[in-house]
Amino acid sequence: MVGATGIVAAAAQPMLEVMDQLGVVTGQGLSDEEFARRRSTYGPNAVASHRARPWTVLWHQLKSPLLGLLVVAAVASSFVGERNDAVIIGIIVAVSVGLGFVNEYRAEKAAEALHSQIHHEAVVIRNGRSQQVDVTELVPGDLVELRLGDIVPADIRLIEVNGLACDESALTGESLPTDKTVPAVPPETPLAELSGCALMGTVVQAGSATGVVVATGAATEFGKIAAGLDTHQLDTQFQVGLRKFSLLLVYVAGALTVSIFVINIVLHKPLLDALLFSLAIAVGITPQLLPAVVSTSLAAGSRRMSRRKVLVKRLVCIEDLGDVDLLFTDKTGTLTEGKISYVRALPADDHEPDTVLRWGLLSTENAGLDGGSVGGNPLDQALWKAPDSARCRAQVAGYARVAVLPFDHDRQMVSVLVRDSAGRSTLVTKGAPETVLDRCVEVPSALRAALATEFAAGNRVVAVAIRHIDAARQLTAADEQGLQLVGLLVFLDPPKQDAADALARLARLGVTVKVVTGDNAAVAGKVCRDLGLGTAGALTGAEVDQLDDKQLAAAIPDTTVFARVSPEHKARIVRVQRLSGGGVAFLGDGVNDALALHAADVGISVDSATDVAKDAADVILLEKDLNVLADGVTEGRRIFANTMKYVLMGTSSNFGNMFSAAGASLFLSFLPMLPSQILLNNLLYDTSQLAIPTDNVDESQLRRPSHWDIKFIRRFMVFFGPLSSVFDFVTFGVMLWVFYSGPVQFRTAWFVESLATQTLVIFAIRTRRIPFFRSHPSLPMAMATLGVATVGAVLPATPLAHALGFAPLPSLFFAVLIGMIIGYLIVIEIGKRVFFGASQIVPEERPRYNQQRHLRRRAAYFSGSTRVRPRVGATWTA
């Protein structure tokens with residue numbers, strides 16, 4: 001048995017010695033008992049493991065600079081004898097931190113729970129048979145089968161190689177795949193330089209192989225790199241918008257704070273009072289619980305999406321899903337049932353149908369010659385499961401596999417060299433008809449006509465051809481010439497019954513769907529017509545190559561189907577469309593989809609996808625169903641709409657209140673509100689808004705994507721903020737000239753009025769419609785809002801009033817207050833008509849694809865849960 005410190009050295013030793021030291025028998029693998037023992041020794045095959053940690057979440061709350069200033073202010077107040085203020089500020093800080101902690105920790109737990117549902121599997125040989133296991137369950141000594149599209153799950157010393165090439169760009173930066181062999185190497189050769197090793201985190205770009213695991217987890221080459229890697233995830237569009245919004249608040253708060261402080265000093269007010277008041281103003285204009293509100297929205301949304309069978313790898317990606325207005329999707333399993341069945345064989349010349357079927361079975365790439373291996377191509381699986389194949393199994397068993405030239409997306413075919421019992425060798429080639437027929441010596445016209453008929457019917461077709469070879473040898477692409485056509489294999493993959501309804505639902509959501517497929521254009525077009533997707537046009541990969549980016553961008557809106565496209569074609573189409581604006585999503589599940597998944601704003605895959613596709617995706621669907629995707633889009637838009645309610649209401653009302661405070665400071669001989677009262681007002685107000693994530697969203701807001709527009713938020717704040725200040729100044733006048741109030745009663749009245757107006761205005765701000773009559777709030781939000789307004793009105797009559805600096809208010813004031821609230825809401829409704837009639841949300845320029853995303857995702861693949869970590873204050877990071 002090789003120890004953990006000797007694994008890398010063992011990988012450079014001769015294969016027999018490595019197998020002997022690892023205690024592994026070729027073809028048998030480890031026993032269950034030996035696996036359990038090694039699992040306890042080496043631990044899980046993960047680079048790192050992240051969990052929701054309470055102390056880490058708490059630290060995120062405590063590191064806010066504004067929070068630090070408040071603590072300093074509380075200490076300073078205590079030293080100068082203002083102990084009540086110090087206690088009140090301390091309580092407010094504790095409650096604010098507690099609310100933020102509870103909501104962020106819930107979001108962390110939600111992200112952890114979601115990630116635990118996303119699994120990546122590897123095919124391993126144990127107890128002499130192949131089985132699929134989670135990649136974290138691999139141990140040194142496991143025999144692993146690598147196939148096209150797999151992410152190499154550990155450092156593996158190769159035993160058998162069939163045209164294996166690995167994309168090692170995540171480790172080396174080289175863009176071209178590296179060919180792998182099984183060489184005899186000197187012991188001093190470093191592991192990273194061995195062509196006979198496949199390294200963790202690299203991607204199988206072509207071919208297949210079998211190898212033995214020599215290093216797992218942090219002991220791998222990738223693990224050593226990841227240990228020093230900053231795995232901070234790149235910000236999503238949603239996070240970029242939050243950061244810009246936070247900067248806006250910093251500028252506004254800074255300007256108001258400095259101005260108010262200077263004004264109070266000039267007016268010869270006490271320095272400490274002026275400082276605390278200015279600091280409270282800064283805190284008051286900052287929506288302290290914005291991270292908590294967003295975390296609550298995302299966590300609640302993730303739970304709803306999980307129930308709808310949508311998993312997000314990062315919570316903040318939920319909003320980006322709602323921003324999508326164009327979806328590129330593959331065809332198989334999305335628009336079709338994905339349950340491929342063999343229909344018939346169409347022989348060429350004098351061949352029999354069973355002859356075509358027999359050669360088709362012999363050219364199976366992954367399932368050997370018995371069809372019993374784990375995994376494999378869906379077409380091959382359908383072929384082996386077909387009742388007709390039973391007649392050919394005895395003949396197939398008489399052949400031995402000699403060599404394989406695996407399928408790749410450039411050749412679009414696979415070739416297998418087999419030898420019969422008489423020692424004759426035959427090359428069998430199977431693949432896309434267009435490519436196979438081009439390599440055949442002669443193709444009957446009747447068969448070409450039959451092929452066109454099958455395509456027009458929407459059937460999938462594979463061509464089979466052979467060539468006799470004199471001697472057994474390794475295969476190259478040059479051998480796939482001068483072939484003799486045997487015939488065609490026809491498969492059926494019918495359209496999904498509910499796909500048409502799902503497409504119509506996406507259309508109602510403003511999402512345009514286009515099909516990107518490696519299948520024939522006629523087949524894809526037939527499926528689209530059957531589902532009512534339209535027949536705007538089709539482009540093949542060859543036609544895409546003839547267009548430059550500008551021409552391709554012009555062609556995309558008029559194209560419904562992109563057929564016979566390569567992985568590079570898919571990625572290019574997505575990148576070009578992104579430059580045209582709007583949110584672009586790509587739904588795919590194969591290795592040929594990985595590039596496009598990376599290039600899209602939102603990469604979407606399914607739980608049954610290849611590892612490389614799931615690794616590249618932001619969102620995982622537990623069912624490959626467009627209805628499930630529509631649910632996700634709707635939920636993303638709902639979350640963003642509710643977040644914007646808080647942002648628009650908070651910025652406008654807080655700006656208005658602080659603007660009123662600044663104005664009052666100019667003519668009052670006393671502070672219009674004590675610092676502790678401002679903080680209490682802000683805390684009560686923010687607490688009421690924690691129920692916003694439960695609010696209903698108007699159907700009109702779900703029918704189109706929307707995203708951050710800082711200019712729009714700024715205009716909204718400047719327009720509606722002063723409207724609230726008008727009623728603040730009315731309150732000032734009533735208290736000074738009607739009730740002849742002193743400082744204590746004046747502050748109490750403004751506290752009650754400002755809290756009532758800025759909380760109740762949510763009923764108007766939450767919708768562009770007439771509130772209550774045409775748009776109904778959720779019950780939790782209505783109860784929370786009315787409850788906080790009631791608390792503010794009752795607080796001056798409680799025993800806490802004196803400690804908080806409040807005094808009882810005359811009964812007539814409440815009658816005036818009701819009138820002002822009604823008037824305020826009416827003015828806001830009028831303002832909505834004026835503002836929204838003159839405003840239009842304009843999408844900001846979207847950032848282009850950042851190439852670091854590839855390495856970040858690969859690190860996340862081997863690192864347990866992916867976490868979202870909101871911070872209180874001016875930034876939002878994950």
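Figures for the structure shown
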item	result
Pairwise centroid distance, computed over Cα atoms, of region 766-818 with region 146-163, Å	66 Å
Fraction of accessible area attributable to carbon and sulfur, region 641-791 (%, probe 1.4 Å)	69 percent
Length released on extending from V718 to E337, taking residue separation times 0.36 nm less the Cα-Cα span	131.8 nm
Apportionment of accessible area to carbon and sulfur, region 128-172, percent (1.4 Å)	36 percent
Along each principal axis, Cα extent of region 423-466, largest first, Å	41, 19, 15
Sulfur and carbon atoms: percent of accessible area, region 400-536 [1.4 Å]	51 percent
Backbone HN-Hα couplings from phi across region 17-27 [Karplus 6.51/-1.76/1.60, Hz, Gly and Pro as x]	5, 4, 4, 5, 5, 7, x, 10, 9, 4, x
D498, D558, ranked by accessible area, largest first (probe 1.4 Å)	D558, D498
For region 614-748: span of alpha carbons on each principal axis (Å, largest first)	69, 26, 26
Extension gain, D32 back to Q497 (0.36 nm per residue minus Cα-Cα distance, nm)	163.0 nm
For a label point 7 Å along the Cα-to-beta-carbon line of D530, residues of region 316-341 with backbone N under 14 Å	331-341
Separation of the A449 and E829 label points, Cα + 7 Å toward Cβ, nm	7.4 nm
Alpha-carbon centroid distance for the pair region 402-455 / region 634-674, whole angstrom	70 Å
1.4 Å probe accessible area per residue over region 525-638, in Å²	31 Å²
Gain upon complete extension [L579, V726; 0.36 nm per residue less C-alpha separation]	48.5 nm
Å² per residue, accessible surface of region 347-493 at 1.4 Å	42 Å²
Lysines whose Cα lies under 18 Å from that of K832, excluding same-chain neighbours fewer than 8 positions away	K645, K711
Residues whose placed amide H lies under 5 Å from that of D323, excluding near-sequence neighbours	none
FRET efficiency for L62 and A255, using Cβ-Cβ distance with R0 set to 30 Å, rounded to 0.05	0.65
Calculated FRET value between F79 and L666, using beta carbons and R₀ = 25 Å, to 0.05	0.25
Nitroxide proxy distance, nm - points 7 Å out along Cα→Cβ at E352 and V794	9.1 nm
Entries in K514/K624; K309/K526; K430/K514; K385/K614; K570/K614 that, when Cα-Cα distance is taken, lie over 25 Å	K309/K526; K430/K514; K385/K614
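The values are calculated or read from the model by the stated rules, or taken from the named source; none is laboratory data. A quick note: this is a predicted structure, and the numbers were derived from the prediction, not measured. Heads up, the Cβs are rebuilt from the backbone with ideal geometry, glycines too, and the neighbour counts pull from every protein chain shown. In case anyone asks, the SASA skips ligands and DNA or RNA and just uses the protein heavy atoms, side chains included. Shrake-Rupley method; radii C 1.70, N 1.55, O 1.52, S 1.80 Å.
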